[in-house]
Amino acid sequence: MAHTPAINHLAVSHPTGLELNLQRQTNGSEPWHAWYRYPKIGLALVYYDYHNPVLGQSYASTIYLNKRFLYSPRHELNFRLGTGLAYFTNPFSLETNHKNTIVSSRLNATLQMRLEYDVAVAEHLGLLVGLGLNHYSNGATTKPNFGINLPTVFLGLNYHQQRPFVPLAPPADDTPADLGRNFLNLSTSLGFKQRSAIDRHKYLVHSVSVLGGRRMGRKSNLLVGLEGFYDRSLLSQLRDTARTTENLPDVKKAGAIIGHELLFGRLAVVTHLGIYFYNPYKSNAFYYERIGLKYHVTDRLFGAVDLKVHRGSADVIEWKVGVKL
């Protein structure tokens with residue numbers, strides 16, 4: 001799908017692919033299974049041939065949650081959301097493949113969404129049809145990075161070990177112990193980004209954050225706090241564009257954010273909206289967004305992978321570690 005005129009010359013073919021999914025039905029062994037009405041957890045192995053010598057082929061591995069919306073003994077309507085890594089065989093190269101402005105690195109992140117309908121055709125066999133969207137991008141780690149948006153129509157077969165599904169009996173009280181309690185998150189992150197296809201240097205991006213939060217319900221945390229950023233690519237950009245190197249503005253930035261965490265046990269889907277209140281070098285919009293995955297290794301220690309975005313354009317992938325107090 002040509003989401004920008006810069007890739008019109010590439011969005012001219014009709015890719016075809018194959019996908020193998022291995023998924024497990026949650027059964028109520030963890031409290032959050034029942035809170036989300038027993039989603040499926042899965043692993044997808046995805047292959048696409050783009051039928052375009054500039055783009056080549058891609059191979060991806062995606063972990064996902066499959067949420068059921070409508071259900072009967074013979075029918076299911078599900079929505080899937082997943083993320084993972086993808087490998088492209090023919091990325092951008094100034095010397096050998098300069099037309100590929102979509103994908104500039106072999107390794108990319110992928111996001112997969114799909115709506116699927118499963119109807120039983122035998123005791124354990126289901127016919128699967130649906131619509132999907134696959135997105136591939138490296139988060140501006142390497143440029144050019146317009147990314148691929150690939151809408152799909154799919155047809156397949158599902159093998160069900162157990163159908164209909166029967167969950168375990170829920171516990172008498174599954175209220176989280178920290179419901180209604182406040183907490184403090186202290187974290188720091190590192191990321192790397194490239195300025196342009198000409199400048200191949202990877203610049204370090206560093207951040208620190210102090211966020212206060214409260215568990216508002218079984219599924220949600222709300223957060224507010226402050227962050228600071230030091231993006232070294234901006235210093236190089238400023239020196240290249242300024243008339244003089246004297247009295248250059250500070251490239252460091254500070255922002256205030258409000259955020260939400262959607263909780264799945266130790267895993268959380270993170271969304272943030274931030275506004276810069278200290279931004280001497282106006283290199284971007286006055287606000288930023290963030291989406292990511294956070295995992296608590298222990299009750300105190302967590303790690304996260306976040307994508308920071310300015311007006312829908314990827315800024316940097318942040319690799320984060322922090323503590324919860």
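The values are calculated or read from the model by the stated rules, or taken from the named source; none is laboratory data. This one's a predicted model, so the numbers in the text were calculated from it and none came from an experiment. No Cβ is skipped: glycine too gets one built from the backbone with ideal geometry, and neighbour counts run over all protein chains shown. These area figures cover heavy atoms from the full protein model, side chains too; ligands, DNA and RNA do not enter into them. Shrake-Rupley method; radii C 1.70, N 1.55, O 1.52, S 1.80 Å.
Using a Förster radius of 30 Å, what is the FRET efficiency between V321 and I291 based on their Cβ-Cβ separation? Nearest 0.05, please.
Details: r = 18 Å, r/R0 = 0.61.
In this case the efficiency is close to 0.95.
Please give the per residue accessible area of region 44-172, computed with a probe of 1.4 Å over protein heavy atoms only, in Å². Walk me through the numbers on the way to the answer.
Details: 6540 Å² over 129 residues.
That works out to 51 Å² per residue.
What is the distance in Å between the Cα centres of region 147-175 and region 1-26?
22
How large a share of the accessible area of region 260-325, in percent, is made up of carbon and sulfur atoms when the probe is 1.4 Å and the other protein chains stay in place? Intermediate values should be presented prior to the final figure.
Working: 2350 of 3440 Å².
After summing per-atom areas, the C and S share lands at 68 percent.
Working with all protein chains in place, sort H260, H3 by solvent-accessible area computed with a 1.4 Å probe, largest first. Walk me through the numbers before you get to the answer.
Working: H260 60, H3 80 Å².
Result, largest first: H3, H260.
As I understand it, the dipole of region 1-155 uses +1 on the Cβ of Lys and Arg and -1 on the Cβ of Asp and Glu, about the Cα centre. Which of N52, N21, A140 lies farthest toward its positive end?
A140
Local charge sum around E123 (other residues, Cβ-Cβ under 11 Å, Lys/Arg +1, Asp/Glu -1)? Walk me through the intermediate numbers first.
Values: positive: R74, R163; negative: none.
The answer is +2.
Roughly how much of F277 is accessible, in Å² to the nearest 10, using a 1.4 Å probe?
Number for this one is 130 Å².
Identify the residues of region 288-325 with backbone N under 19 Å of a label point that sits 7 angstrom from the Cα of K202 along the Cα-to-Cβ direction, or state none.
Residues 304-308, 314-321 qualify, since their backbone N sits under 19 Å from the label point.
Going 7 Å from the Cα of Q162 along its beta-carbon direction, which residues of region 72-102 have the amide nitrogen within less than 20 Å of the resulting point?
72-78
For D250, what accessible area in Å² do you get when you roll a 1.4 Å probe over the heavy atoms of the protein chains, rounding to the nearest 10?
50
So what is the calculated 222 nm ellipticity per residue for the chain, using -39500 (n - 2.57) for each DSSP H run with n of 4 or more, over all residues, to the nearest 500 deg cm²/dmol? Walk me through the numbers on the way to the answer.
On the way: 2 runs with 15 residues, N = 325.
That comes out to -1000 deg cm²/dmol.
Short version: ³J(HN,Hα) in whole Hz for each residue of region 47-62, in order, from phi by Karplus 6.51 cos²θ - 1.76 cosθ + 1.60 (θ = phi - 60°), x for Gly and Pro, what are they?
10, 9, 10, 7, 6, 8, x, 5, 9, x, 10, 9, 10, 9, 10, 10
Could you put R200, R290 in order of accessible surface area, largest first, with the 1.4 Å probe and the full protein assembly present? Can you show the working numbers first?
Numbers: R200 110, R290 5 Å².
Solvent-accessible surface, decreasing: R200, R290.
For region 13-132, which whole-number percentage of the solvent-accessible area (1.4 Å probe, protein heavy atoms only) is attributable to carbon and sulfur atoms?
C and S atoms contribute 66 percent here.
Considering only DSSP states other than H, G, I, E and B, which GluC sites (Glu not before Pro) in region 184-288 qualify as loop sites with at most 13 other Cβ atoms within 10 Å? Write down the numbers at each step before the final one.
Details: sites: E227, E246, E261; in loops: E246.
Listed in order of number, the matching sites are E246.
With a ≥ b ≥ c the root eigenvalues of the C-alpha gyration tensor of region 63-188, is it rounded (a/c under 1.5), prolate (a/b larger than b/c) or oblate? Walk me through the intermediate numbers first.
Numbers: a/c = 3.60, a/b = 1.37, b/c = 2.63.
Since a/c reaches 1.5 but b/c is at least a/b, the shape of region 63-188 is classed as oblate.
Please compute one quarter of the surface area of the Cα convex hull for region 128-207 and express it in square nanometres.
Numbers: hull surface 46.1 nm².
Approximately 11.5 nm², given one-decimal rounding.
About the Cα centre of region 112-257, what is the dipole size in debye to 20, counting +1 per Lys and Arg Cβ and -1 per Asp and Glu Cβ, all else neutral? Please list the in-between numbers first.
Values: 17 positive and 12 negative charges, 112 e Å.
Approximately 540 debye in magnitude.
When the dipole is taken about the Cα centre of the chain, and only Lys, Arg (+1) and Asp, Glu (-1) are charged at their Cβ, what size is it in debye, to the nearest 20? Show your work: numbers first, answer last.
Values: 35 positive and 23 negative charges, 94 e Å.
That gives a dipole near 460 debye.
Report the accessible area of H124, computed with a 1.4 Å probe over the heavy atoms of all protein chains in place, in Å² rounded to the nearest 10.
Result for H124: roughly 60 Å² accessible.
Return the equivalent ellipsoid semi-axes of the chain as a descending list in whole Å, where each equals the square root of 5 times an eigenvalue of the C-alpha gyration tensor. If you can, show how the numbers build up before the last one.
On the way: eigenvalues 278, 182, 34 Å².
Equivalent ellipsoid of the chain: 37, 30, 13 Å, largest first.
Through the Karplus equation 6.51 cos²θ - 1.76 cosθ + 1.60, θ set to phi - 60°, convert the phi angles of region 105-121 into ³J(HN,Hα) values in whole Hz; use x for Gly and Pro.
With the stated coefficients, region 105-121 comes to 9, 5, 9, 9, 7, 9, 10, 10, 10, 7, 10, 10, 10, 10, 10, 5, 10 Hz.
Given that compact globular proteins tend to follow 2.2 N^0.38 Å, what is the ratio of the alpha-carbon Rg of region 260-325 to that value?
1.25
What's the center-to-center distance, using Cα atoms, between region 73-139 and region 231-245 in Å?
Cα centroid of region 73-139 versus Cα centroid of region 231-245: 38 Å apart.
Can you check what the net charge comes to around K40, using other residues whose Cβ is under 9 Å from the Cβ of K40 (Lys, Arg +1; Asp, Glu -1)? All intermediate terms of the calculation are to be shown ahead of the outcome.
Values: positive: R24, K67, R68, R80; negative: none.
Surrounding charge for K40 is +4.
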